[in-house]
Structure formats: C-alpha cells, structure tokens
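Everything on this sheet refers to the single structure shown next.
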Amino acid sequence: MTTDIEEKINALRAELHQHNFNYYVQDTPTISDYEFDQKLEALQALEKKHPEFYDENSPTLRVGGEVTKNFPTVQHQFRMYSLDNSYDFNDLEDWERRIVKAIPEPVQFVAELKYDGASISILYENGRLVQAVTRGDGFRGDEITANVKTVSDIPLRLNGEVPARFFMRGEIFLSRKNFDKINSRRSEEGLDLFMNPRNTASGSLKMQDSAEVRKRGLSAVLYQFIAQESPLPTHWELLKEAKQWGFKVSQHAQLCENLDEIKSYILYWEEHRHQLPFEIDGIVLKVNSLQQQAQLGYTAKSPRWAMAYKFKAEKVETQLEQVTYQVGRTGAITPVANLKPVLLAGTVVKRASLHNEDIIKKLGLHEQDYVFVEKGGEIIPKIVGVNLEKRSADSEEVQYISSCPECGTTLVRIEDQAIHFCPNDLHCPPQVIGRMIHFVSRKALNIENLGSETIEQLYREKLVENPADFYTLTKQQLLPLERMAERSAQKILDGIESSKKAPYEKVLFGLGIKHVGETVAKKLAKNFSSVDLLMHATLEELVQVEDIGVKIAESIVLFFADPENELIVERLRSYGVQLEQGESSFKPTSHVLESKTFLFTGKLSLFTREQAEEMVEQNGGRNISAVSKNLNYLVVGEKAGSKLKKAQAIGSITILDEQQFLDLIHAPEKV
C-alpha cells in the first residue's frame, strides 16, 4: 500500500526528472536553478528520513558520493567497434563506391560531429539506467555506473514507451569552458595543468569518488541505439525518437542524400568547428537504413557502414620572437617559444612549449626564425618545423641556458633524460612557492582560503619560506596584507589548524618529494607507518614496495638526507601535523597468503591488476614491484616479458597463471 510520504517522494522525483529533461535535452527550462535546488533539497531530506523508499535512479544521486575502489571488467553484449578513418574526399569516394556496389538501391547517410571524448555504452532496462561501461578494448570495458550517473546530460529514467532492454552509446566530454575552469583551479593549487579535454574527460570517469566526478562538469551526447531488435527502420528516426525518450542527441546531425551533401557538411564544420563550445576532431558518417547496415556488416575491426572523416591538424606560420625559460615546482626547466601573435584553431597563439633542449636541437631552431605552429589533438600549440627559406643569414642558433633564470644556480641534466632542472629546490623562488602551494592543495593538506596569490604575498613579505612556516602565522602578521580582512585572516588560521588532522599519507604527498605522487604516498604510508620509519628506510627496503622503483627510492633517500628537509619535518611534528599512520580499519578476510609476496605481469584477462593486488592483500599477502629473491609468486598473463625471464633465471620463484592464482587462494594447503 502506497503511503502519503512515498507518493510525495515519487512525485518529487518525477517532477525533477522532467525538469532535467526540459533543461538538458529540450533546452527550455521551466523553473529557475534556485527553485530546482530547493525541490532537490526537499527530496534529499525526505529520502534521508525514509531510507525504505530508496531508488537507485533518484535525481538526488546526481550529486555523487559513492566511492568505487575497483571498476569491474564487463563483457560487452554487442562489441564496440572502432571506425575506419579517412583524411580526404578520395577516401570517402572509395567508401561510397564500395557501398553502392554492395547495395543496389538508393542509400541515405547521416552525418554527425565526431565529439572528442570518451566512448560509453549504457544499458537501460524498463526505462531505467542499469549499467554504464567504458569502451575498453571493444570486447570488454570497465563498469563506471556510479560516475556516469553524475553526468546531467544522461537520463536516469526515460520518458514514454521505450524498448524493454537496449544499449545507448555515446560520448562523454568536457566543454571548453569547464576544461578551462578545471585548469584554473589546478593552477591555483600548484598542480600541473591537464593537456586536453579528451584525456581529462576519460580520466575523470575513472575517479574513485563520484562526488569528485560531479565537480568536473562532464557533458554527454548519445548517438547510437543498440538492441536485438529495433523499433524503427533507420538511424535518423532512432535519433529523433531517442530525444523524445530523454536522451541528449546532437542538434548538428544531418540527413544526407548523397556524397555532395556530405562534402558540404564536412567543409562547413571544418571552417566553423572552433565556434562550438566543445572539441570535435572530425565527422562521423553512417548509412541511415538499419537493414542496409546489416547487409554491409563488419570487417574484423570496423563496421563497413560507417566512416570517420578526421580533420587535419591546423598549421600556421609565424615568427619566433624570443625563447624564455620557466621554472616549475619540481625545478624542471621548460623552454617556451614567444611568438608573433597568430590566429590558430580559433584562438590567438602567442606562446608554444618547446619541452626541452633535445626538441630545440631537433628543430635546429635559430633566433628570429619563421616557424610552423600546429594545434592538433593538444590544447597547447607546438612548433613542428622551421621555414628555412626565410631564415636570416646572420641568425644565431638558440643556445639552451646553463643557469637557472630565477636563482642563478647551475642547471643539472640527468644522464639519459631530456630535462634540465635547478637543484636549488629549497631556495629557488618558484620552487619554494610551488612547494608551499602544493602543500596546501586539496589533495595534500587541503588548507582552504590559502591560495597561490596569498602564498606569493606571504613569501614576498618574508613571512613564510617553507611549509612549516604556515603553522607559525598569526593574525597580526596576516592583517596588514593587501585585501586581507579580519574574517579572511581567521579563516586562513582555522584552515591551518584543521590541516593538523590531515592523514599521514596526505602529509607525505604534501611534502613534495620528487616523483612521489598521491598513489605512491599512500603506498609508502601503508608500508612505513611513520615518517621516522620512512626517513631511515634503505634503498633496498624502499624498492620492495609495489610501484616504488629505484628512481623514486633514490629521490626519497635524498630528500630525507637533506638537513633542511629533516628540520622541516621535525617542525611539522612539533606543530601537531600527523606524521604517522592512524589505526587502520583494513583487516584481511583470510590469512591464506600470509607472509607470501606476489607480483603480476603481462596482460591479465580474468581480473584487473588492481583487483589482483587487492585479492593478495585481502588474503594476507603482500604485493611487491620488482622481481628479486624476495618474491615468492609471479603471476603471468599474456605477453609476459622481462619479469618472467628474470624469475625463471632466479629459479626459486613459483610462476603461476591467473587461474592457478585463484586456485591458490581457495586451496590454502598449497601455499
């Protein structure tokens, strides 16, 4: 029997689903954002009070919050094929001739924008979103349902009469605006900028916390209905029907009667694509009739009834005015080409990264050269060549600097590496400021209200020179700073005080040890439960930790060998910062693999590497990262290489395939 509360909850859910449809699909919102938020909050309050009416597709789940530590691998019921690419009209003419030869009756085509994002396959059953899976290798992908539910363009519940079970495929992407917002935040936190929207969208979908995915502001377009049977005979009709069901489909798709119309569509978007609020890298062409698609079929890799026309990377010529050098947080020196401003791919380009000395030498770059600049799949322009015909006879070759442009220290170049760096990490201003910005960043100690501008100001005023100095700041020191009110100063001090509760692994990450990222910091904290143990760990002990190679281990040893770093750590300890692991809530489910070490190599098919390593830990074993006499079991997948050979040479290591590993877990007497 339905209660009044349940009816009220269901009515709110239905209303919010409709408002989402109006806003994201129809682009005709009927209430304000404020009114929508008020209704959403009312629903959240009711659901919290009445958990018995839980609905996995409630609009409240858009905000995320579910944490997924492992993304299970799922077999695609219908393979996700890749498309053949064409780069000129000759390729398209050949493709059309093959189709006309195979299909004697008239053929229509649908032309669509090729969104530059991450492919997704979404299963709907009885009008509800059930599962979302990445493309993977086309046969299998990762199940990322919780993260996909945070994308507002993707409906959780469909409108009207829909097929009982089908897949909707599409692309998840980042708009240019949201990509710029993300990079702006990362810049404030002292983090490296993301290179392009496509990779950022793809990486966002594999984040463990769906609430963090929600913050990225991902978008989606759905473009392909897949099922055993289709309710309509053509792709074009399915697209129009999908919009009525609630799917966000491209408003720029076009039905074409012949190749001339296809060419006109391509030429238009090749010229106007930079006016779009998102990235595209080409056009997708499909035979419209589903019956004709079935007749044409597939090759081993691609459908014969579809083709991708890829835009060529845009290239312009301009003059090099000067090469300058930037110093990063880690001391890495990046040469930058300052260019005479030129319009490229819809934006005015003034600078291009030259990456390192080897690139400069490979280009044979001279002062004041005329250079060709390209902006293909990357957001950051790059120089791809030099116009030697325009080179002045007296121009001099660009000479890479030998001293740091900020502090004058002689630069160092590690053997077999292309990057120069400034070794004065404790006193070179950009490195010092970058290190402190990194320390307060969200993924480190997360000290709110202490942004990069404030830190630079504090450094200029000689109030802070290293992360430990934050804990000595007083309100009297902060108030004289520009644009600093009493409330702002108090918020900064409160944030600093709260950071003392940050867990040990975040502090390790925040210290800014070269090559120690967030994941490595977590593994170090797990294996060395206090900073004292880590400080006194030998190189040999460090490399036994999974994912810690010699390069990372050497960096850790060098960091703690420096007396100034040791002093900073001791000061942080005295101020109450967490420098040892709290009581762990993790307990193995069995001790089948206790005291045994494991390493996985090759392409695994029964489970992912992360799942395998988790199984080891759940059963009391330990993962290590290198083949040595300390390794008990090497589990090999397909195409296992040097690690397998090294294990065979040692002789004492037991080599297992994936099934034997699973058998080992379920047969303790064999351990």
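Data table
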| read-out | value |
| --- | --- |
| Scope the range 519-540; condition surrounded by fewer than 17 Cβ atoms within 10 Å (Cβ to Cβ) and either under 13 Å from residue 552 (Cβ atoms) or touching a Gly at 6+ places or on another chain (Cβ under 7 Å) (or both); matching residues | 519, 539 |
| Subset of the range 5-27 [modelled with pLDDT of 70 or more and either more than 34 Å from the chain's Cα centre (by Cα) or among the hydrophobic types (A, V, I, L, M, F, W, C) (or both)] | 5, 6, 7, 8, 9, 10, 11, 12, 14, 16 |
| Conditions (1) of a type in the set (Ser, Thr, Tyr); (2) in contact with a Leu (Cβ under 8 Å, 6 or more places away or on another chain); (3) modelled with pLDDT under 95: number failed by residue 124 | (3) |
| The range 344-364 residues that are of a type in the set (Phe, Trp, Tyr), paired with ones that are assigned to a strand (DSSP E or B) and loosely packed, with under 15 Cβ neighbours inside 10 Å (beta carbon under 8 Å, 6 or more apart) | none |
| Every residue from the range 222-273 that is under 24 Å from residue 106 (Cα atoms), in contact with a Leu (Cβ under 9 Å, 6 or more places away or on another chain) and among the polar types (S, T, N, Q) | 224, 230, 234 |
| Hits in the range 635-671 (condition: in a strand (DSSP E or B) and surrounded by 11 or more Cβ atoms within 10 Å (Cβ to Cβ)) | 635, 636, 654, 655, 656 |
| Meets criteria (over 27 Å from residue 195 (Cα atoms) and either surrounded by fewer than 16 Cβ atoms within 10 Å (Cβ to Cβ) or of a type outside the set (Ser, Thr, Tyr) (or both)) for residue 260 | yes |
| Count of the range 546-595 residues which are farther than 26 Å from residue 622 by Cα and among the hydroxyl-bearing types (Ser, Thr, Tyr) | 2 |
| Search result, residues across the range 205-227 that are farther than 14 Å from residue 153 by Cβ and among the polar types (S, T, N, Q) | 208, 210, 224 |
| All positions within the range 581-608 that are buried (at least 16 other Cβ atoms within 10 Å of the Cβ) and not in a loop (DSSP other than H, G, I, E, B) | 597, 598, 599, 600, 601 |
| Any pair with Cβ under 6 angstrom, 6 or more apart, that starts in the range 4-18 at a residue that is within 14 Å of residue 40 (Cβ to Cβ) and ends at one that is small (Gly, Ala, Ser) and buried (at least 19 other Cβ atoms within 10 Å of the Cβ) | 13/58 |
| Residue in the range 288-296 that is surrounded by 17 or more Cβ atoms within 10 Å (Cβ to Cβ), among the polar types (S, T, N, Q), at pLDDT below 90 and touching a Phe, Trp or Tyr at 6+ places or on another chain (Cβ under 8 Å) present | no |
| Residue among 60, 2, 30 that alone is at negative phi, polar (S, T, N, Q), modelled with pLDDT under 75 and part of a loop (DSSP other than H, G, I, E, B) | 2 |
| Selection count where residues are out of contact with any Asp or Glu (no Cβ under 7 Å at 6 or more places or on another chain) and either within 12 Å of residue 333 (Cα to Cα) or without any contact (Cβ under 8 Å) to a residue 24 or more places away in the chain (or both), scope the range 393-406 | 9 |
| Conditions (1) of a type outside the set (A, V, I, L, M, F, W, C); (2) in a strand (DSSP E or B); (3) crowded, with 19+ Cβ neighbours inside 10 Å; number of the one not met by residue 265 | (2) |
| Top-ranked residue of the range 620-634 - restricted to ones that are under 32 Å from the mean Cα position of the chain (by Cα) and assigned to a loop (DSSP other than H, G, I, E, B), ranked as surrounded by the most Cβ atoms within 10 Å (Cβ to Cβ) | 621 |
| Only listed residue being in contact (Cβ under 8 Å) with a residue 60 or more places away in the chain, of a type in the set (Phe, Trp, Tyr), touching a strand residue (DSSP E or B) at 6+ places or on another chain (Cβ under 7 Å) and closer than 23 Å to residue 57 by Cα, chosen from 173, 225 | 173 |
| Some residue of the range 230-246 being in contact (Cβ under 8 Å) with a residue 12 or more places away in the chain, within 24 Å of the chain's Cα centre (by Cα), crowded, with 22+ Cβ neighbours inside 10 Å and farther than 30 Å from residue 452 by Cβ | no |
| Matching residues, the range 143-191, being acidic (Asp, Glu), modelled with pLDDT under 90 and not in a loop (DSSP other than H, G, I, E, B) | 180, 188 |
| Filtered residues of the range 63-85 (kept if in contact with a Lys or Arg (Cβ under 7 Å, 6 or more places away or on another chain) and at pLDDT below 70) | 63, 64 |
| Test: residue in the range 108-119 that is of a type outside the set (D, E, K, R) and surrounded by fewer than 19 Cβ atoms within 10 Å (Cβ to Cβ) | yes |
| Matching residues, the range 528-552, being of a type in the set (Ser, Thr, Tyr) and closer than 19 Å to residue 506 by Cα | 529, 530 |
| Residue count, the range 69-109 (criterion: in contact with a Ser or Thr (Cβ under 8 Å, 6 or more places away or on another chain) and in a strand (DSSP E or B)) | 1 |
| Search result, residues across the range 405-414 that are more than 18 Å from residue 322 (Cβ to Cβ) and either part of a loop (DSSP other than H, G, I, E, B) or among the β-branched types (Val, Ile, Thr) (or both) | 407, 408, 409, 410, 411, 412, 414 |
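Residues are listed down the side, and each one gets a yes or a no for (1) touching a strand residue (DSSP E or B) at 6+ places or on another chain (Cβ under 8 Å); (2) within 21 Å of residue 265 (Cβ to Cβ); (3) surrounded by fewer than 18 Cβ atoms within 10 Å (Cβ to Cβ); (4) not hydroxyl-bearing (Ser, Thr, Tyr):
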position: 301; (1), (2), (3), (4): no, no, yes, yes
position: 305; (1), (2), (3), (4): yes, yes, no, yes
position: 311; (1), (2), (3), (4): yes, yes, yes, yes
position: 316; (1), (2), (3), (4): yes, no, yes, yes
position: 319; (1), (2), (3), (4): yes, no, yes, yes
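Here's the yes/no breakdown for (1) closer than 30 Å to residue 13 by Cα; (2) touching a Gly at 6+ places or on another chain (Cβ under 8 Å):
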{"site": "159", "(1), (2)": "yes, yes"}
{"site": "183", "(1), (2)": "no, no"}
{"site": "196", "(1), (2)": "no, yes"}
{"site": "207", "(1), (2)": "yes, no"}
{"site": "224", "(1), (2)": "yes, yes"}
{"site": "236", "(1), (2)": "no, no"}
{"site": "262", "(1), (2)": "no, no"}
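Listed here are the residues, each with its yes/no results for (1) under 30 Å from residue 452 (Cα atoms); (2) more than 25 Å from the chain's Cα centre (by Cα).
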{"residue": "340", "(1), (2)": "yes, yes"}
{"residue": "357", "(1), (2)": "yes, yes"}
{"residue": "374", "(1), (2)": "no, no"}
{"residue": "391", "(1), (2)": "no, yes"}
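The values are calculated or read from the model by the stated rules, or taken from the named source; none is laboratory data. This one's a predicted model, so the numbers in the text were calculated from it and none came from an experiment. All Cβ positions, even for glycine, are placed from backbone atoms using ideal geometry, and neighbour counts span all protein chains on display.
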